[in-house]
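Taking it in order: structure first as structure tokens, then the write-up.
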Amino acid sequence: MYLPPELVREIFKCVFDLDNLDSSETTPTEELGVPRKQKWCLIQPLTLTCKAYRALSLEFWFHTFFLQLPADIPLAHIMFPDLKKKWTRYIHCVQTDSKYTSIWNLQGFGCLSTIRLDWLSPRMMPHHGSDDPADRLPFTNVPSSVNELDIRGLPWPSPLVFHNIGGILPELKVLKMRQPKIWCGLCHTCSVVRFRSPGPKIIVYEGGLGLPMHYARVFRTLQHLHTVYITIADFGSGSTIVSAEADKNQHFWTGECDRCMYVMYEDAGFRDRWVARKRGIILEGHEKETVYIRPAALKRVEWRFWAARDEEEVDFLESADENSEAEDVV
Ligand SMILES: [Zn+2]
């Protein structure tokens with residue numbers, strides 16, 4: 001007796017559902033450059049049973065498409081003509097180089113909804129006015145069905161990196177970022193974060209506020225963006241006191257580095273004007289100063305922090321010296 005094809009399909013769906021597997025059956029999820037999907041050795045026997053099961057196995061296997069070279073996209077299309085048009089929902093790109101040849105052409109992906117980009121290239125120095133694609137999000141011909149971008153490991157997460165985001169991802173609804181540094185709107189550079197211990201695990205802003213001001217200005221071209229998740233390292237040993245409780249975040253922290261806050265917040269007048277600007281408030285007598293502009297649909301900004309290990313600290317402090325630059329952003 002044969003099972004109805006609809007039932008077989010549901011069974012395959014369960015087999016490939018990562019939530020149904022324990023961690024020993026999948027590869028790690030947070031490590032850069034490592035795919036989040038089942039181990040092939042568990043799936044391969046299914047592909048050998050019959051033509052129908054092989055077709056279903058490949059279809060579900062390629063729902064998540066893991067790639068380390070842009071040139072692999074046309075090769076995969078030749079081998080599996082349905083991959084781009086019908087199969088892939090989630091594409092996981094690993095950026096190992098930052099030359100022109102590392103631009104990901106996503107033309108023809110008919111069902112794609114999410115892009116994950118792991119940035120492993122050590123080079124990324126965005127420059128104002130640059131036309132080098134290596135300075136920007138490295139995608140072209142992104143289908144309009146894509147509504148989520150998950151970008152990890154950016155060595156220099158300047159707002160300039162996102163200058164092309166409105167043009168290539170106009171339908172974006174959810175943006176996730178995970179990297180060791182963040183943009184400081186006061187010194188216009190990227191820095192590691194240092195809170196006085198114990199630092200916060202999570203800070204949530206509602207109502208369209210809560211991004212670094214220059215991020216908000218770049219993201220205002222995204223008419224559908226409703227949620228931004230920013231996950232960064234907390235290197236500890238700082239003087240900045242911030243926690244999730246409202247009374248411990250009275251300065252409305254949105255990425256400022258510990259040094260800027262220590263030095264510049266000494267001037268209470270400057271500090272109060274800066275906090276007002278981050279809330280989008282134009283103060284009398286300071287009408288010419290730029291203020292926070294909410295992206296049209298933004299509802300929630302969620303900051304999460306992980307405690308940096310000692311070896312991470314050495315790595316990133318060294319690279320911070322190499323990358324240090326001040327930017328005229330907008
Ligand atoms: Zn700063």
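Multiplying the residue separation of L48 and R196 by 0.36 nm and subtracting their alpha-carbon distance yields 47.6 nm.
For region 63-323, what's the relative contact order in percent, using C-alpha pairs closer than 8 Å and at least 6 residues apart? 17 percent.
Remark: the L3-E289 segment gains 96.2 nm on full extension, using 0.36 nm per residue and subtracting the alpha carbon distance. In terms of its C-alpha gyration tensor, region 28-84 has an oblate overall shape, because the principal axis ratio a/c (a ≥ b ≥ c, square roots of the eigenvalues) is not below 1.5 and a/b does not outweigh b/c. The convex hull defined by the C-alpha atoms of region 174-304 has an orientation-averaged projected area of 7.6 nm². Straight-line reach from K37: taking Cα to Cα under 26 Å and skipping same-chain neighbours fewer than 8 places apart, the lysines in range are K13, K51, K84, K85, K86, K173, K176.
FYI, it's all coordinate maths here, none of it is from the lab. Since this is a predicted model, take the numbers as computed values, not measurements.
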